[in-house]
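Contents: one structure, followed by commentary.
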Amino acid sequence: MRFSASQLKTASTCSLRWKFQYVDRIPDNLKGSSTHMGSAAHIGFEELGNGASVDEAVTAYLDYYDDPDNEPDYLNTRTTFDGLRVKGQEMVEGFGRFLKASPHLVTIGTEIHFRVPFGDHELSGLIDWLVLDTETNTLKVIDHKTGKRPS
């Protein structure tokens, strides 16, 4: 049986939701405003990881975020559409500053699908950003999280 990291996280937080989503395959097609912002931010992150300037990445973020065809189905509690727009833009700009300060990180790829053996099962998922750290000569897997700001 194949599992994704997202599937395992869902199972650990709510087994009934996991069953509905992955066993019964009940569609969950609604997209909230937080998911919408996260999708837009990932577009900006990917642009930066592929060598775009911060301005180009912010433009890609805003193009997706402001496109009426991508509009969220509902507004998450304690959020505003404009507030999330600003938060996402700040995240893209912050990642751009991080990259500028980290010339030793060389992009190997972005949005890479993977599958690896996991006992008798298979773990699959998506790597947001795979880099070579030339200072330590190590590969690093970056998983962008837009739901929480880093501490």
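Remark: region 16-22, residue by residue, has Karplus-estimated 3J(HN,Hα) of 5, 4, 4, 4, 4, 7, 9 Hz, where x stands for each Gly or Pro and the curve is 6.51 cos²θ - 1.76 cosθ + 1.60 at θ = phi - 60°.
Over the chain, accessible surface divided per residue gives 66 Å², non-protein components excluded, 1.4 Å probe. Three principal axis extents describe the C-alpha atoms of region 1-74; from largest down they are 42, 26, 18 Å.
Among the listed pairs Lys19/Lys87; Lys19/Lys140; Lys100/Lys145, which are separated by more than 26 Å between their Cα atoms? Checking Cα-Cα distances, Lys19/Lys87; Lys19/Lys140 exceed 26 Å.
The fraction of accessible area contributed by carbon and sulfur in region 57-151 is 54 percent, rounded to a whole number (1.4 Å probe; ligands and nucleic acids excluded). Counting only protein chain heavy atoms and rolling a 1.4 Å probe, the accessible areas of Glu93, Glu56 rank, largest first, as Glu56, Glu93.
The values are calculated or read from the model by the stated rules, or taken from the named source; none is laboratory data. Just so it is clear, the model here is predicted, and its values are computed rather than measured. These accessible areas exclude ligands, DNA and RNA; they are computed on the full protein's heavy atoms, side chains included. Shrake-Rupley method; radii C 1.70, N 1.55, O 1.52, S 1.80 Å.
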